[in-house]
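Only one structure is covered here, and it is reproduced in the block below.
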Amino acid sequence: MPVARVGYWDLKFTEQFMVWSSRFWRLLQEGGAPTLGPLEVAFSKVGIRQALGPFDALMTILALEKKRQRLLAADLTAPLIPDEKRLLFVLSTRSKQMRCAVLANMISCQGTMLAKPVIAEMVEALSKADYTLPHRLWNFPELATVLDLHPDLDPIAETSADPAGI
């Protein structure tokens, strides 16, 4: 079922952490911070220090792309913006076609090619620490297009479950 309106406080911990981290990363970049020190502390405290490298790489790819206006850093607990929902979807889906459709809406083909192995590394680091993202079939026009073109795809089966409920 498509998710019409989900706020920051409605998210599971792993989703909140990813959204908060992306917002904090943008704050650090806008402030000209020379290091990711505060994010390194946060990732270490929740036991996913190994996910920081891929996270930083993914955020850099997203930030450097010219396809979209650069996102401004928001209040760390503000309502979700569409690209944050797309980021959560990209991290949770197992379907390469669905992931590529959403990434193509965010970044260029070259950016997508760079992002795919980084996303796989990040998801692996999260799952090794028993952090997974829950199944949410966000309501994106690009997902509807993929499902129209590939009626054989089962969107429920193509997203990863959250067995831990985190």
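Each reported figure results from applying straightforward, stated rules to the coordinates on display, with no laboratory input. No experiment lies behind these values; they were computed from the predicted model shown. Backbone-built Cβ (ideal geometry, glycine too); neighbour counts: all protein chains shown.
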Pick out, from VAL102, ALA42, PRO134, the residue whose Cα sits farthest towards the positive end of the charge dipole of the stretch 10-149, with +1 on the Cβ of Lys and Arg and -1 on the Cβ of Asp and Glu. VAL102
Roughly what would the spin-label model give for GLN97 and ASP10, points 7 Å off Cα along C-beta, in nm? 2.8 nm
Fewest-first sequence of ASP148, ASP56 by Cβ atoms within 10 Å of each Cβ: ASP148, ASP56
Using modelled amide H (1.01 Å from N, peptide plane; none on Pro or chain starts), what sits under 5 Å from the amide H of THR93, excluding residues fewer than 5 places away? SER160
Taking square-rooted eigenvalues a ≥ b ≥ c of the alpha carbon gyration tensor, is the stretch 10-129 rounded, prolate or oblate, where a/c under 1.5 means rounded and, failing that, a/b exceeding b/c means prolate? rounded
Applying a 10 Å radius around every beta-carbon, put 84-96, 111-123, 32-44 in order of their mean neighbour count, most first. 84-96, 111-123, 32-44
Amide H of LEU137 versus every other amide H placed in the peptide plane: which residues, excluding those fewer than 5 positions away on the same chain, fall under 5 Å? VAL3
Roughly how many debye, to the nearest 20, is the charge dipole of the stretch 10-149 about its Cα centre, given +1 on each Lys and Arg Cβ, -1 on each Asp and Glu Cβ, and no other charges? 200 debye
Pop a pseudo-label 7 angstrom from the Cα along the beta-carbon direction at both VAL41 and THR60 and give the gap in nm to one decimal. 2.3 nm
Arrange the following residues from fewest to most other Cβ atoms within 10 Å of their Cβ: TYR131, TYR8. TYR8, TYR131
